[in-house]
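The values are calculated or read from the model by the stated rules, or taken from the named source; none is laboratory data. No experiment lies behind these values; they were computed from the predicted model shown. Note that each Cβ is placed from the backbone with ideal geometry, even for glycine, and that neighbours are counted across all protein chains shown.
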Amino acid sequence: MKDANLPFPLDAQKQAQVFSIKSVAAKYLQGTPQDIHLVNAESFLERRKRFLYGFTNPTGQTPGFFKMAQTLEYNRQLERESIGIAIACRIGIPTVNIIHPFQNTPEGYGILHVERLDTENGIILTSPEIIGGLEESRAHELGARAAVALFAIGGRVIPSDIDSSILKRGDWRNQSPKTFWRVWKEQNNIVFSAEHAKLVNGLVRIERLQTIVSQTRFILEYLLNSEKNDRIEYFIHNDTTPNNVYFSNTRKEVLLLDFEHAAATSNLVLAQLTDLGNYYGRMWPNPAMQQEFLTTYLAQSTPETLDNNYWLLRATTVFGAMYLTKYGLKKGHPENPMSVSLLRNLERNLASLDQQFHVMKAANNN
């Protein structure tokens with residue numbers, strides 16, 4: 001035929017690719033292509049998304065959620081997520097259950113299959129707009145629940161009999177105190193640069209911010225020097241954000257999700273600072289939620305741990321704010337609202353934490 005060698009129309013090509021992906025997924029997830037429901041096939045095929053997301057709902061089996069990748073780098077991330085979930089389950093961190101662990105397929109895909117979350121009876125805060133739009137009571141509730149959950153799972157040790165070699169150990173935030181101070185210096189140089197002086201000074205007086213940062217460095221030097229044990233390693237989620245946490249509406253359940261950046265460090269404080277600081281900072285659209293997170297976390301303290309947790313949370317607040325602020329200081333940058341909010345609310349959030357500390361300290365002394 002004259003047109004036999006002409007390419008398929010674009011939609012037909014995509015339909016063929018989608019069917020091929022469904023067939024691969026079905027093969028490794030032990031289902032049929034009809035059991036596979038894809039979420040973002042077009043953007044994945046056009047390589048605008050790292051991962052393909054999909055659902056499985058085979059008759060008589062547990063409904064599932066799967067992720068697929070198609071490059072060596074992203075396959076590696078997906079494998080790290082699979083192992084991160086397995087380690088989390090082993091050490092008592094609430095997360096999703098794995099149905100089929102990560103597999104590399106001969107077709108070049110990586111695939112991971114976990115139990116599907118009950119999103120009809122739970123919530124994931126997937127965007128700044130959702131976080132900022134929460135009713136005040138709901139913001140306080142979710143901020144408190146996140147604090148209790150992260151307090152309960154912080155500082156978990158990785159068992160020595162687990163192969164954790166795939167976990168990240170090169171993130172400068174938590175590799176070692178030496179690398180952490182490089183990050184600290186870099187973020188301060190950006191925030192305090194002459195280029196951003198006018199913006200920063202309009203949100204928090206530069207002299208006051210410099211004092212806060214200097215005080216925090218003194219605190220961190222003490223904390224970091226007192227917490228190091230080369231014989232053990234602590235597990236770090238390394239990307240704790242509200243959009244990586246599931247809150248059940250019907251139970252007290254709070255699940256940590258998405259472990260593709262999971263890491264390990266021998267310094268407990270750096271492990272805590274990374275996860276707490278990132279979660280605090282990513283709540284930036286809702287200062288009330290940030291304050292509830294800080295004060296509720298502190299409220300979990302015993303009289304013996306109160307002082308240490310207070311200093312850790314002050315460091316968390318300052319580091320979390322400064323680390324993320326550096327990304328969006330330029331006017332017009334997509335992250336500029338985040339930077340503005342973090343600096344504008346820094347002193348108020350620290351004051352809220354200070355007040356809670358003094359109340360608890362007084363109660364302990366009575």
note = Scanning the stretch 321-347 residue by residue, the ones that are surrounded by fewer than 16 Cβ atoms within 10 Å (Cβ to Cβ), under 20 Å from the mean Cα position of the chain (by Cα) and in contact (Cβ under 8 Å) with a residue 40 or more places away in the chain total 1
remark   = In the stretch 210-244, anything over 21 Å from Asp275 (Cβ atoms) and either outside the structural domain of Gln187 (by TED's automatic domain parsing) or of a type in the set (Phe, Trp, Tyr) (or both) is listed as Phe218
query = Just to be sure, is Asp239 acidic (Asp, Glu), out of contact with any strand residue (DSSP E or B) (no Cβ under 9 Å at 6 or more places or on another chain) and buried (at least 19 other Cβ atoms within 10 Å of the Cβ)?
reply = yes
inquiry  = Take Glu260 and tell me if it is out of contact with any helix residue (DSSP H, G or I) (no Cβ under 6 Å at 6 or more places or on another chain) and in the same structural domain as Glu136 (by TED's automatic domain parsing).
reply    = no
ask   = Any idea which of Ala264, Ala194 is surrounded by 18 or more Cβ atoms within 10 Å (Cβ to Cβ) and among the small types (Gly, Ala, Ser)?
value = Ala264
note = Of the candidates Val183, Val269, the one satisfying the condition of being within 22 Å of the chain's Cα centre (by Cα), closer than 19 Å to Ile158 by Cβ, in a helix (DSSP H, G or I) and aliphatic (A, V, I, L, M) is Val269
inquiry  = If I ask for residues that are in contact (Cβ under 8 Å) with a residue 60 or more places away in the chain and not in a loop (DSSP other than H, G, I, E, B), which ones from the stretch 216-235 would you list?
reply    = Thr216, Ile219, Leu220, Tyr222, Leu223, Tyr234, Phe235
key: Matching residues in the stretch 113-137 - criterion: being under 19 Å from the mean Cα position of the chain (by Cα) and part of a strand (DSSP E or B)   = Val114, Gly122, Ile123, Ile124
message = Being crowded, with 19+ Cβ neighbours inside 10 Å and not assigned by TED's automatic domain parsing to the domain that holds Tyr28 narrows it down to one residue among Leu78, Leu112, Leu134; which is it?
response = Leu134
ask   = Within the stretch 1-43, which residues are at pLDDT below 85 and touching an Asp or Glu at 6+ places or on another chain (Cβ under 7 Å)?
value = Lys14
request  = For residues that are closer than 19 Å to Arg217 by Cβ and within 16 Å of the chain's Cα centre (by Cα), scanning just the stretch 279-310, find the one that is surrounded by the most Cβ atoms within 10 Å (Cβ to Cβ).
outcome  = Tyr280
